[in-house]
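Undergrad: Please read through the structure below; I'll follow up with questions.
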Amino acid sequence: MAEGYQVLYVEKPDDLVWNIIGGGIRDYNKEQAGPDQGKLLCFALFTPNQEIAGGIIGETHWQWFYINLLWVRSDLRGQGYGHQLLALAEQEASRRGAQNAYLDTFSFQAPDFYRQHDYRVFGELRDFPAGHHRLYFTKELQKAH
């Protein structure tokens, strides 16, 4: 290792740290795989009072759609809002050129919901957290019309 360099623990990385590290890996990835055309994707569920009661947040990169978060307020679950959010997000991702989607969820969250939408498990971490599993799903998306 080069003399004078040191590795230090950073308890709360600020924007500068994130931008330098994230920018470094982004630039490297671009050199190796080409531009990712990364773009955020979000649909939100609003109440009649314009309060957010759920939504889906993800991003598209390299013809893939990553679903980061999908949540619907507990009193609104089972009414089709999650299905609507997922369908709209998949359609938009497909319109952007995404051919596949992926996500992770916990066994106590919504694995059956994703199975209903033709997602299949491709990986699993057992006891994460203890007594539960973290599941990784993927799906081939329908081509945009």
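Undergrad: Using a ≥ b ≥ c from the Cα gyration tensor of the range 103-142 (square roots of the eigenvalues), is it rounded, prolate or oblate, where a/c under 1.5 gives rounded and otherwise the larger of a/b and b/c decides, a/b for prolate?
TA: prolate
Undergrad: Given a 1.4 Å probe, how much area per residue of the range 9-104 is accessible, in Å²?
TA: Counting only protein heavy atoms, the per-residue value for the range 9-104 is 69 Å².
Undergrad: Need the list of lysines near LYS139 for cross-linking: C-alpha distance under 30 angstrom, and skip anything on the same chain fewer than eight residues off.
TA: Filter leaves LYS30, LYS39.
Undergrad: Gain in length, GLU51 to MET1, computed as 0.36 nm per residue apart minus the alpha-carbon separation, to one decimal in nm?
TA: Stretched out fully, the GLU51 to MET1 stretch lengthens by 12.7 nm.
Undergrad: Show me, bin by bin at 10 Å from 0, the whole-percent P(r) of the chain based on Cα pairs.
TA: 10, 30, 31, 21, 6, 2, 0
Undergrad: Leaving out ligands, DNA and RNA but keeping every protein chain, what accessible area does TYR102 have, in Å² rounded to the nearest 10, with a 1.4 Å probe?
TA: Here the residue's solvent-accessible area equals roughly 90 Å².
Undergrad: Loop only by DSSP, 16 or fewer other Cβ within 10 Å of the Cβ. Give me the GluC sites (Glu not before Pro) in the range 1-52 that pass, ordered by residue number.
TA: GLU3, GLU11, GLU51
Undergrad: Using the crude model of +1 on Lys and Arg Cβ and -1 on Asp and Glu Cβ, and no other charge, please compute the dipole size for the chain relative to its Cα centre, in debye to 20.
TA: Dipole about the Cα centre, nearest 20: 500 debye.
Undergrad: Percent of accessible area on the chain owned by carbon and sulfur, 1.4 Å probe?
TA: 53 percent
The values are calculated or read from the model by the stated rules, or taken from the named source; none is laboratory data. This structure is a prediction, so every number in the text was calculated from the model and none was measured. Heads up, the Cβs are rebuilt from the backbone with ideal geometry, glycines too, and the neighbour counts pull from every protein chain shown. Side chains are part of the model used for accessible areas, which takes the heavy atoms of the whole protein and leaves out ligands, DNA and RNA. Shrake-Rupley method; radii C 1.70, N 1.55, O 1.52, S 1.80 Å.
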